[in-house]
Amino acid sequence: MADIRPFRGWRYNPTRIPDLSQVITQPYDKISKELQQTYLARNPNSFVHLILPAAPEPYSYSAATCKQWSSQGILARDAQPAIYVLHQEFEVGGQRKTRKSFVAAIRADEFEKGTVLPHERTLSKPKADRLNLLRTTRMDYEQIFMLYSDPDGIVEQALTPTGAPAMQATDDYGVVQKVWPITDPTKLAAVHKALADKVMLIADGHHRYETALNFRQEMEKAGTVADDAALRFKTTAFVNIADPGLVILPTHRLLYGLGEVKWDDKLAQIAKLFEVRPIKDSAVEAELAKAGTDHLFALHTGKDKTWLLRLTDKTAVNLLVKDRSADFRDLDVVILHTLLIEHVFGIPAAQIEEHVAYERKPSETLAKVDSSKYQAALLLNPTRADQVQKVAAHGERMPQKSTDFYPKFVSGLVFMDIGDTERI
């Protein structure tokens, strides 16, 4: 049973920080060194000081800074528990969209309980970093992104906002964030009831969810933890899987460290599994968009060296991917990793991090190969939301970076105290 609750959020005090756009950030794992420096220069109260400080002792620096800002009134805590309705207005593919969500706290249950399902694998290094931050600050700074099924829109009806938003900000990509705190007990109870029997699917933020689990388990070993302790919960942005503003973008693969590659031989090897057809560099996006039900990819090895790859031998996937569901084997990202990255290029799954980088924009993907920074690129179509749901229901996890939900949920709008005495 999903246990979703309101919480007393910490957020920037509008009398001290009148322009929220100056202090919000992208999620910590999307902040490059360059973007970190941009945030630091933009405003002395940037949220980057809390989630990714540029300090010799970053975790203690974050804790001290949060405490200082609280005492100075830069940060203020809401008087009542609330669910925070969040609408994000953005443009993608030449269309304006609005993704509707709400931020609340969900009880962080182990995956085995079946209340919350993952869909991607995680890495140990990011989890260790976030756990150290959580231990030191006792603040749940950033939300994760979960999907739920509500085809009738019951939750959205209960959380329909009125009046002007309490918070509004525009992020680095022009995405407008509008937030309305909802404190009406009747509405909060209706949301809790409507979602109690739902299975939640993590769309983005697997590392942070598992970090919350690890921290709770660590605290339980150290002593008794109350059933309503805030540290048993994880702040989350929830989106209805039927929301028309839900967008998933593909994440393309860049290959490096391959040694000397004889591309004629490699293309001949690929041709045993795929129909291979040369295309213009500028035609990649348009050609991939024609995939329909086909499994279609593009290989780029340098300027004017691009091929469209259409899978012709699906039995190869079944031979190489065993003990997995048909839904899993039907994923483009699984076919790409299994047949191309692992089989053709000979990169074992355990060594992916040593040979594969990621890029969202097709033009940037091609440019990074053309500049000789990378040896080749593999481009693909996005995974669909219904595919994510089906694979997660089988208890299976996709390769990392299988989904890129757009836009990201920014950091710095609202966060939760998970100190020892905090209850929710």
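The values are calculated or read from the model by the stated rules, or taken from the named source; none is laboratory data. Since the model is a prediction, treat every value here as computed from it, not as a measurement. Because the Cβ atoms are built from the backbone with ideal geometry, glycine has one as well, and the counts that use them run over all protein chains shown.
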With the condition kept exactly as written, say whether any residue in region 348-367 is in a loop (DSSP other than H, G, I, E, B) and on the phi > 0 side of the Ramachandran plot. no
State whether the residues of region 309-331 include one that is under 31 Å from the mean Cα position of the chain (by Cα), assigned by TED's automatic domain parsing to the domain that holds L366, closer than 30 Å to D150 by Cα and of a type in the set (D, E). yes
Give the number of residues within region 166-196 that are assigned to a helix (DSSP H, G or I) and without any contact (Cβ under 8 Å) to a residue 12 or more places away in the chain. 4
Scanning region 307-345 for residues that are among the small types (G, A, S) and touching a residue at least 12 places away in the same chain (Cβ under 8 Å), the one surrounded by the fewest Cβ atoms within 10 Å (Cβ to Cβ) turns out to be S325
Please give the number of the condition D150 fails out of (1) under 30 Å from R397 (Cα atoms); (2) in contact with a helix residue (DSSP H, G or I) (Cβ under 8 Å, 6 or more places away or on another chain); (3) not in a loop (DSSP other than H, G, I, E, B). (3)
Checked region 368-380 for anything assigned to a loop (DSSP other than H, G, I, E, B) and either aromatic (F, W, Y) or crowded, with 21+ Cβ neighbours inside 10 Å (or both); matches are Y374
Would you be able to tell me the number of residues in region 92-132 that are at pLDDT 85 or above, basic (K, R) and more than 26 Å from T160 (Cβ to Cβ)? 2
I need the full set of residues from region 272-328 which are on the phi < 0 side of the Ramachandran plot, of a type in the set (G, A, S) and at pLDDT 90 or above, in order please. S282, A283, A286, A289, A291, A298, S325, A326
Anything in region 360-396 that is in contact with a helix residue (DSSP H, G or I) (Cβ under 8 Å, 6 or more places away or on another chain), closer than 15 Å to F297 by Cα and at pLDDT 95 or above? List them, or say none. P362, L366, A376, A377, L378, L379, L380, N381
If we ask which residues in region 68-88 are in contact with a strand residue (DSSP E or B) (Cβ under 6 Å, 6 or more places away or on another chain), over 22 Å from I106 (Cα atoms) and surrounded by fewer than 17 Cβ atoms within 10 Å (Cβ to Cβ), their number turns out to be 0
Among (1) of a type outside the set (S, T, Y); (2) surrounded by fewer than 21 Cβ atoms within 10 Å (Cβ to Cβ); (3) in a loop (DSSP other than H, G, I, E, B); (4) in contact with a Ser or Thr (Cβ under 9 Å, 6 or more places away or on another chain), where does G419 come up short? (4)
All but one of (1) surrounded by fewer than 20 Cβ atoms within 10 Å (Cβ to Cβ); (2) under 30 Å from K178 (Cα atoms); (3) basic (K, R) hold for K234, so report the exception by its number. (1)
Hey, any hits in region 321-329 for a residue that's of a type outside the set (F, W, Y) and under 26 Å from G93 (Cα atoms)? no
May I ask you to list the residues in region 274-306 that are in a helix (DSSP H, G or I) and touching a residue at least 24 places away in the same chain (Cβ under 8 Å)? D281, V284, E285, L288
